[in-house]
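The next block holds one structure in the form of C-alpha cells; read it before the comments.
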Amino acid sequence: MEKQINNIIKFGYSLLLFISIFWLFVSIGYGSMLSENLNTYGYIFAAMVGISLISKKVRDLLKRLMRYAYLYWYLTIVALVIFQVIIILSNSVLVYGDIVAVIENIRGVGNFNYFSAFSNNYVYGLYIKALYNIFGLHYLVFVQELINIFILDASIIIFSRKISKYYNRDIASIYFLLSIALIGLHPQFLSTYTDYWSYFTATIITLGFIKLLKRDTTKFDYIILFIFVGLGYLIRPTILIYVIALIGVLILKMTINFEKKLCIRISKGLLVTILSMVFAVITISMVKQTNILRFKPGYDKNLMYYFDLGLTSTGAAHIELPPKALDQNSPDTIVEPLIDKDIKERIKRYSVKQFFTKFKIAFQEGNLGWRIEHPLAYTTFQKNKITSRFIDTKFAKKIRNYLFFQGSNFNNLDFFLQVMWILMLVGIILSIRNSIIINNLSSVNLYLALSILGAIMYLMLFEAGRSRYLISFLPVLILFSAIGYQTKEEKQDEK
C-alpha cells in the first residue's frame with residue numbers, strides 16, 4: 001500500500017512538473033515577444049539579466065544584495081510604500097468591470113439585481129458601501145487603493161518573517177523580494193476589486209496551515225484560521241482549494257508514515273475551517289435578509305455558469321453565453337436550462353487547440369492580465385482634493401507611459417514582470433524536480449504542490465480569462481519557487 005501511495009505522489013509531482021515546464025515554455029514565448037519593443041532602459045535590464053545568467057560573480061553580488069534587502073526589510077518596505085503612494089496619488093483610477101457595477105449598485109444607479117445574480121460579490125458590496133458612507137464617492141477608490149497597498153505589504157512582511165522560522169533566511173529573502181517584484185511593484189493595486197483581499201486571506205490561511213504541518217500551532221492560530229477561512233471563503237470560494245489540499249495531505253499522512261499527533265493536529269485545523277465556513281455562510285445568509293444591499297434569492301449564477309464560461313474562446317468571454325443567461329434579471333429557472341444546453345453544445349465543439357489557447361491566456365502573462373483590465377481612461381481618473389494636485393502633472397503623465405499598456409514604454413514594465421514570472425516558474429520546476437529525485441514526502445511540500453495543482457485544475461475547468469486569477473495563489477507559488485532555488489544553492493555549495 002505504501003509503495004502504491006508513493007507512486008501516486010510521484011505521478012502527481014511528475015504531472016505538475018510537465019504542466020510547469022509547459023507553463024514556462026509559453027511564458028518565455030510571451031517574454032520574447034515583449035523583448036522586441038523595449039526602449040533603452042528595457043534593453044539595459046535585458047542585458048543585466050543576460051549577464052547574471054552567465055556570470056557567477058554577478059549572481060553572487062545579487063545574492064548579497066538580496067540578503068541585505070531582507071536584513072533591512074523595513075527600509076525596503078519604506079521604499080516600496082513611497083513608490084506605491086506616488087503611483088496612487090498620480091494615477092488613482094477606476095478600473096472597468098465588476099468594480100463599476102458594484103459602485104453603481106450601492107449608489108442606486110445600476111442594475112438593482114446585481115448582487116442577486118453575482119452573490120459572490122455581496123461581501124465586497126458591503127465593504128464598498130461602508131467605505132462609501134464614511135468617505136463619500138470622491139474618495140472611495142482612493143481609500144480602497146490605500147487599503148490595497150496596506151494589506152499587500154502586510155501580507156509580504158508577515159509571511160516572509162514567519163516562514164524564516166521554518167526555513168532558512170535565504171528562502172525567506174527570496175520569497176520577500178520575489179513577492180515585491182511580482183505584486184508589490186505591480187500597478188494592479190490600483191484595481192480595487194477583491195484580488196488583494198483574496199491574496200491577504202490566502203496568505204494568512206497558508207501560513208496557518210504551514211504552522212499546522214510544522215506542529216507549531218497555538219489556540220490563537222486556530223482563532224485566526226477561523227476568522228480568515230470564513231472571510232476568505234466569502235470573498236473568493238477558491239479558498240476551498242487550500243482546504244482540499246490540506247485534506248489531501250491528511251489522507252496521505254494517514255496512509256504513509258502515519259504520525260498520530262500530526263494527523264490529530266491537521267484534523268483539528270480542518271474542523272476549525274469547516275466550522276468557519278459554515279458560520280460565515282449562515283451569517284451572510286442572515287445579512288442578506290436585511291435591506292443593507294438588495295438581494296433576491298433565485299437569481300444567483302451557479303457553478304455551471306462559470307463552467308460554461310470556462311468553455312468559451314478565451315475562458316472568460318461573457319458575450320458568447322446565451323443573452324438570457326447574461327441578464328441579471330433572469331431567474332435560475334430560465335438561466336440553468338440555457339446554460340446546461342450551452343455546455344453540451346460547447347463540449348461537442350471543444351478542441352485540444354482551444355484547451356491550450358485557454359492555458360496560454362490564463363497563465364502566460366506576468367503582468368497578471370493588466371493589459372486586459374483597460375485601466376487608463378481619463379474619464380475614470382479619481383480626482384479629489386488630494387489626487388487632483390498630481391494627476392494632471394507632467395510627472396504623472398510620464399509615469400502613465402510606463403504603467404499602462406496604452407503608454408509607449410509599458411513594454412519595459414511588462415518585460416520586467418515577465419522576467420520575474422519566469423524566475424518564479426524556474427524555481428517551481430526546481431522544487432518539483434528535487435521532490436521527485438529525493439522522494440520528498442514533506443507535508444509542507446505536498447501541501448504546496450497540491451494547492452498549485454488544484455489551482456491549475458480549477459482555472460482550466462472554470463472561468464480564467466487572464467493570469468489575474470492567480471493572485472489568490474501567489475503565496476504558495478512564490479514559496480514553492482523560493483524552496484526550489486534554495487535547494488539548488490545547497491547542491492552547489494556541496495560541490
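Okay, here's what the table says:
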{"quantity": "Amide H within-cut-off set for Val93, under 5 Å, with H built and near neighbours excluded", "calculated": "Gln382"}
{"quantity": "Other-chain or far-sequence residues with amide H under 5 Å of Leu321's (modelled H)", "calculated": "none"}
{"quantity": "Pair Ile251, Ile54: separation of 7 Å Cα→Cβ label points (nm)", "calculated": "4.9 nm"}
{"quantity": "Normalised contact order of the chain, rounded percent, pairs of Cα under 8 Å and 6 or more residues apart", "calculated": "26 percent"}
{"quantity": "Distance violations [Cα-Cα > 27 Å] among Lys3/Lys260; Lys358/Lys383; Lys211/Lys260; Lys268/Lys360", "calculated": "Lys358/Lys383; Lys268/Lys360"}
{"quantity": "Sum of side-chain charges, Ile334 neighbourhood, beta-carbon under 15 Å (Lys, Arg +1; Asp, Glu -1)", "calculated": "-3"}
{"quantity": "Linear extension gain, Val100 paired with Arg389, 0.36 nm per residue minus alpha-carbon span", "calculated": "101.6 nm"}
{"quantity": "Shape of region 265-383, Cα gyration tensor, a/c cut at 1.5", "calculated": "rounded"}
{"quantity": "Long pairs among Lys214/Lys261; Lys301/Lys344; Lys63/Lys165; Lys56/Lys162, criterion Cα-Cα beyond 22 Å", "calculated": "Lys56/Lys162"}
{"quantity": "Estimated inter-spin distance, Ile21 and Gln4, nm [label 7 Å along Cα→Cβ]", "calculated": "2.9 nm"}
{"quantity": "Residue-wise HN-Hα coupling along region 408-421, computed from phi with Karplus coefficients 6.51, -1.76, 1.60 (Hz; x: Gly, Pro)", "calculated": "5, 10, 4, 4, 5, 5, 4, 5, 4, 4, 5, 4, 5, 4"}
{"quantity": "Cα-projected label distance for Asn329 with Ser32, points at 7 Å along beta-carbon direction, nm", "calculated": "5.2 nm"}
{"quantity": "Förster radius 60 Å - calculated FRET efficiency between Leu441 and Thr290 (Cβ-Cβ, nearest 0.05)", "calculated": "0.75"}
{"quantity": "J(HN,Hα) series, region 423-434, from Karplus relation 6.51 cos²θ - 1.76 cosθ + 1.60, nearest Hz, glycine and proline x", "calculated": "4, 4, 5, 4, x, 4, 4, 4, 5, 5, 4, 5"}
{"quantity": "Calculated FRET efficiency for the pair Phe112/Asp340, C-beta based, R₀ 22 Å, to 0.05", "calculated": "0.25"}
{"quantity": "Contact order relative to length of region 332-432, as percent, for alpha carbon pairs under 8 angstrom and 6 or more apart", "calculated": "26 percent"}
{"quantity": "Kirkwood-based shape ratio for the chain, expressed as Rg/Rh from alpha carbons", "calculated": "0.95"}
{"quantity": "Cα pair distances in region 320-467, grouped into 10 Å bins until the bin that holds the longest one, percent each", "calculated": "9, 22, 25, 23, 18, 3"}
{"quantity": "Order by protection proxy (mean Cβ within 10 Å, highest first), peptides 233-241, 4-12", "calculated": "233-241, 4-12"}
{"quantity": "Per-residue HN-Hα couplings for region 340-356 [Karplus 6.51, -1.76, 1.60; θ = phi - 60°; Hz; x = Gly/Pro]", "calculated": "4, 5, 5, 4, 4, 5, 5, 4, 4, 8, 5, 10, 4, 4, 5, 4, 6"}
{"quantity": "Length released on extending from Arg67 to Phe307, taking residue separation times 0.36 nm less the Cα-Cα span", "calculated": "82.0 nm"}
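Laboratory data are not the source of any read-out in this text; all were calculated from the coordinates shown. These numbers were taken from a predicted model, which means no experiment stands behind them. Positions of Cβ are backbone-derived with ideal geometry, glycine not excepted, and every protein chain shown enters the neighbour counts.
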